[in-house]
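Below is one structure, written out as structure tokens; comments come after it.
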Amino acid sequence: MSGRDPGGSGPSRRALLIGGASAVGAIALGAGGLAWWTSTRLDGGGTGASDPPGDAPDAADGTVGETFREPEARTSSDGRLDVELAAGLTTVTVDGRQVRVLGFEGGMPGPTLRVRPGDRMSVRYRNDLGATTNLHTHGLEVSPEGDSDNVFVMIPAGGTFDYSYELGDDHPPGVFWYHPHHHGTTADQLFAGLYGAIIVEDAEPIDVARERVLVIADIAFDANGDVAAPTRVDRMLGREGDLVLVNGQLLPTMVAARGERERWRIVNACTSRYLRLRLDGQRMQLLGIDAGRFREAREVDEIVLLPGNRADVLVEATAGEAVLQTLPFDRGSMGMMGAPRSATTGADLARFVVSGDGAASAAPLPAPSAALRDLRDEEVTGRRTLTLAMGGMGGGMGQGMGFTIDGRTFAEGRTDIEQPAGTIEEWTIENTSTMDHPFHLHVWPMQLVEVDGRPVDGVDRRDVVPVPAGGRVVVRIAFEGITGRTVYHCHILDHEDLGMMGAIRVA
Ligand SMILES: [Cu+2]
């Protein structure tokens, strides 16, 4: 009895992960795919009954909460974006209550940074946190060295640091984001509110009625209105907050007119929570995940975003009221009999109210993009296996559990992988533990090839990939264009802080 598949919910969880991994390929099948998803939904990963009480009645009783709002945008011009990001304690109102969070520029989320391929983005980071911090530009394909996307930079309390990022002319468009990445306190700082979106614009804009940025993050508060401190068990499971906010708001209302097409840029900025997004009654077409744009938009009913993932979505408004929801998800347990599970609850995230007398039909969909590079067609120069594991240290989970990659916890001075530049590698990432781990590699995107033995359809390039409990994922990576030393890690940020991270140098 390994305890590897406790609770009897393994099959549905695994099926779900594969569905998410194949970029909702299953959904694109149409009716068959839909039925498959409906059945996994009814299985509910064993946690279907644990929706927060009151959500459903709330959503149905016609009360309209706050109007949806977006973080302020800071947009590049003439090839440059110069911004200051001051990180510090700030007071905001969440669900009508004054609470203290950490924010960039006094906001949670911080401002949305909008840039173009070929731009230089300069960020003066002012650290008013009273603790060491730094900045990671998640997903951007920029240098990880010097004053660029360098997670080894440490900005002491009261200090400032000038970051400078050079985006190549061929940088992919898409949705990215920024957050602190100081090992040991990454989860604390992000969970408390330090995150914001980055948009790299398309060469040719897509014709939409409006574009919205939705940064989704969970948070919890104590009785004093401060961000709740995690227990040791919370950290081992990966902390989740009971409030799942969109741009810092609880259940805001968006308004559109029938027939309008909107473009939603969605960031999963949760510290640990997997999102299973649905917008029943409306039409969603997925343009891509992370920096990976699909050749053609895919019709979807559900979008699975692991912590760190982003979705670029077209929503075609159909008259009526819909609710953007996230459904329950079971990320597994700490393994021992009776051990706590990370059973994520569902939540209503936003209302989408569509008036019936809007514009006629939406503009045509964007034309298919050029054929994408498919690393499966290219010669692999090397193969590597990485093993994610959780193990008792010093006699059981009460004393803390080791979160390791290849048997080691992170050591800043050690380089775990020396990778020659110009190579195309195939990595098998296996997970011997009883919990799912979303795996993130900085700088070089991964092409998802296989999840738990199932091949992935089409070209699916992303920077956080699912590694199911007791399972494995195969990816291909082109270490081209950019050199330098950076990290790969579990994007359940508590696990990263507990050591599930390694360093790679590409030279
Ligand atoms: Cu993990």
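The values are calculated or read from the model by the stated rules, or taken from the named source; none is laboratory data. Keep in mind that what you see is a predicted model, and the values were worked out from it rather than measured. Quick reminder, even Gly has a Cβ in these numbers, built from the backbone with ideal geometry, and neighbours come from all protein chains shown.
Condition first: of a type in the set (A, V, I, L, M, F, W, C), assigned to a loop (DSSP other than H, G, I, E, B) and either crowded, with 24+ Cβ neighbours inside 10 Å or within 16 Å of the ligand (Cβ to nearest atom) (or both). Now tell me which residues in the stretch 423-445 satisfy that.
Val443
Going by the structure shown, is Thr132 surrounded by fewer than 24 Cβ atoms within 10 Å (Cβ to Cβ) and at pLDDT 95 or above?
yes
Table: residues versus (1) of a type in the set (S, T, N, Q); (2) in contact with a Gly (Cβ under 6 Å, 6 or more places away or on another chain).
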position: Asn134; (1), (2): yes, no
position: Leu140; (1), (2): no, no
position: Asp149; (1), (2): no, no
position: Phe152; (1), (2): no, no
position: Ser164; (1), (2): yes, no
position: Asp169; (1), (2): no, yes
position: Asp202; (1), (2): no, no
position: Asp218; (1), (2): no, yes
position: Ala223; (1), (2): no, no
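Considering only the stretch 451-474, state which residues are more than 15 Å from the ligand (Cβ to nearest atom) and either part of a loop (DSSP other than H, G, I, E, B) or in contact with a Ser or Thr (Cβ under 8 Å, 6 or more places away or on another chain) (or both).
Correct list: Val451, Asp452, Gly453, Arg454, Val456, Asp457, Gly458, Val459, Asp460, Asp463, Val474.
How many of the residues making up the stretch 249-275 are crowded, with 24+ Cβ neighbours inside 10 Å and assigned to a loop (DSSP other than H, G, I, E, B)?
7
Of the conditions (1) buried (at least 22 other Cβ atoms within 10 Å of the Cβ); (2) assigned to a loop (DSSP other than H, G, I, E, B); (3) out of contact with any Ser or Thr (no Cβ under 8 Å at 6 or more places or on another chain), Arg414 satisfies every one except a single condition; which number is it?
All conditions are met except number (1).
Determine, yes or no, whether Asp494 is within 27 Å of Gly184 (Cα to Cα), in contact with a helix residue (DSSP H, G or I) (Cβ under 8 Å, 6 or more places away or on another chain) and not in a strand (DSSP E or B).
yes
Of the residues Ala223, Ala203, which is without any contact (Cβ under 8 Å) to a residue 12 or more places away in the chain and outside any strand (DSSP E or B)?
Residue meeting the stated conditions: Ala223.
Confirm whether Gly241 is surrounded by fewer than 24 Cβ atoms within 10 Å (Cβ to Cβ) and on the phi > 0 side of the Ramachandran plot.
The answer is no for Gly241.
Only residues in the stretch 381-394 that are outside any strand (DSSP E or B) count as the first member; pair them with residues that are at pLDDT below 95, Cβ under 9 angstrom, at least 6 apart or cross-chain, and list the lot.
Pairs that qualify, where the first residue is outside any strand (DSSP E or B) and the partner is at pLDDT below 95, are Met393/Gln399; Met393/Gly400; Met393/Met401; Met393/Gly402; Gly394/Gly400.
Is at least one residue of the stretch 476-484 more than 19 Å from Glu379 (Cα to Cα) and within 16 Å of the ligand (Cβ to nearest atom)?
No, the stretch 476-484 has no match at all.
Any idea which of Leu372, Leu388, Leu365, Leu349 is away from the ligand (no atom under 16 Å from the Cβ), touching a strand residue (DSSP E or B) at 6+ places or on another chain (Cβ under 8 Å) and at pLDDT 95 or above?
The unique qualifying residue is Leu349.
Within the stretch 485-498, which residues are more than 10 Å from the ligand (Cβ to nearest atom) and crowded, with 21+ Cβ neighbours inside 10 Å?
Of everything in the stretch 485-498, those that are more than 10 Å from the ligand (Cβ to nearest atom) and crowded, with 21+ Cβ neighbours inside 10 Å turn out to be Thr486, Val487, Tyr488, Asp497.
What's the number of the only condition in (1) at negative phi; (2) more than 16 Å from the ligand (Cβ to nearest atom); (3) at pLDDT 95 or above; (4) not in a strand (DSSP E or B) that Leu448 fails to meet?
(4)
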